[in-house]
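Okay, so here's the structure we're looking at.
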Amino acid sequence: MKNLVFLFASIIFLSGCRSSKPVIPSENRSEFPVVFGEAQGTEKEIDYHDQTTMLLGYFNPAMLRQPPHTAWFVEGYDDYFPETDVVNRLLDIPMDDVTIKIVMGTWCPDSRREVPRFVKILDMIRFPAEKITFVGVDMDKRSPVGKFEELKIERVPTIIFYKKNIEAGRIIEVPQSSLEQDMVKILSGMNN
């Protein structure tokens, strides 16, 4: 029975954030446990597949710096070092008419890896926070946001770049080169 559970967990893990349904009961799941101390000094494992930990719909990115998301967000942000020359190229691109929509699942390991890194790049180029929209989805890639289906989200994270309110490009799940290089390609009009 343990081998069957392990095999099943491995299949779910390898499918990344493409999986649309939670299959393994939380008591048998140990995917990416995050531990932090509680007020009494005890430790607790966070189950990001539990709906009570998910951020759904529009949310303030400051919520990513609060429990239960603090550990993965801060670590991902602090441990990422974008290529300085590429960041400098981003600084040379006019972004007055650029807005960004970040669609993510706090349950998704890819989102927990890429979004803190992306936020760090945005901070480095001083991209205005009011021009960024964060949207949280559940494991079926649904969100309580009007006209959400029109975004056609299949994988998360999906980072959508708009120039003058027209979609200019997307980074879906993982970057092709790096987050900062993909941004340069999209925002300089070199993407296909």
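The values are calculated or read from the model by the stated rules, or taken from the named source; none is laboratory data. Please read all numbers here as calculations on a predicted model, not as lab measurements. Cβ: placed from backbone, ideal geometry, glycine included. Neighbour counts: every protein chain shown. Surface accessibility is based on the protein's heavy atoms, side chains included, excluding ligands, DNA and RNA. Shrake-Rupley method; radii C 1.70, N 1.55, O 1.52, S 1.80 Å.
Side notes on the structure shown:
- If R0 is taken as 30 Å, the Cβ-Cβ distance between ILE166 and THR70 corresponds to a FRET efficiency of 0.25.
- The local environment of LYS163, defined by Cβ-Cβ distances under 14 Å, has a net charge of +2 under the rule Lys, Arg +1 and Asp, Glu -1.
- Shape class of the range 41-153 from the alpha-carbon gyration tensor: oblate, with a/c at 1.5 or above and b/c at least as large as a/b.
- Carbon + sulfur, % of accessible area of the range 81-192 - ligands and nucleic acids excluded, 1.4 Å: 47
- Global form of the range 120-192, assessed from the alpha-carbon gyration tensor, a/c cut-off 1.5: prolate
- Label reach from ARG89 (point 7 Å along Cα→C-beta): in the range 151-192, amide nitrogens under 16 Å belong to 175-192.
- Gap separating the Cα centres of the range 85-99 and the range 134-150, nearest whole Å: 28
- The relative contact order of the range 47-192 comes to 30 percent, based on Cα pairs under 8 Å that sit 6 or more residues apart.
- Estimated inter-spin distance, GLU130 and GLN51, nm [label 7 Å along Cα→Cβ]: 3.6
- Applied to the range 71-81, the Karplus parametrisation 6.51 cos²θ - 1.76 cosθ + 1.60 on θ = phi - 60° returns per-residue 3J(HN,Hα) values of 4, 5, 5, 5, 5, x, 5, 5, 8, 9, 10 Hz, with x for Gly and Pro.
- Count Lys and Arg as plus one, Asp and Glu as minus one, and take only other residues whose Cβ is under 13 Å from that of LYS120; the net charge is then -3.
- Taking 0.36 nm per residue of separation and subtracting the Cα-Cα distance, full extension of the segment from LYS101 to SER177 would add 25.4 nm.
- The candidates ASP78, ASP92, arranged from most to least accessible area with a 1.4 Å probe in the full protein assembly, appear as ASP92, ASP78.
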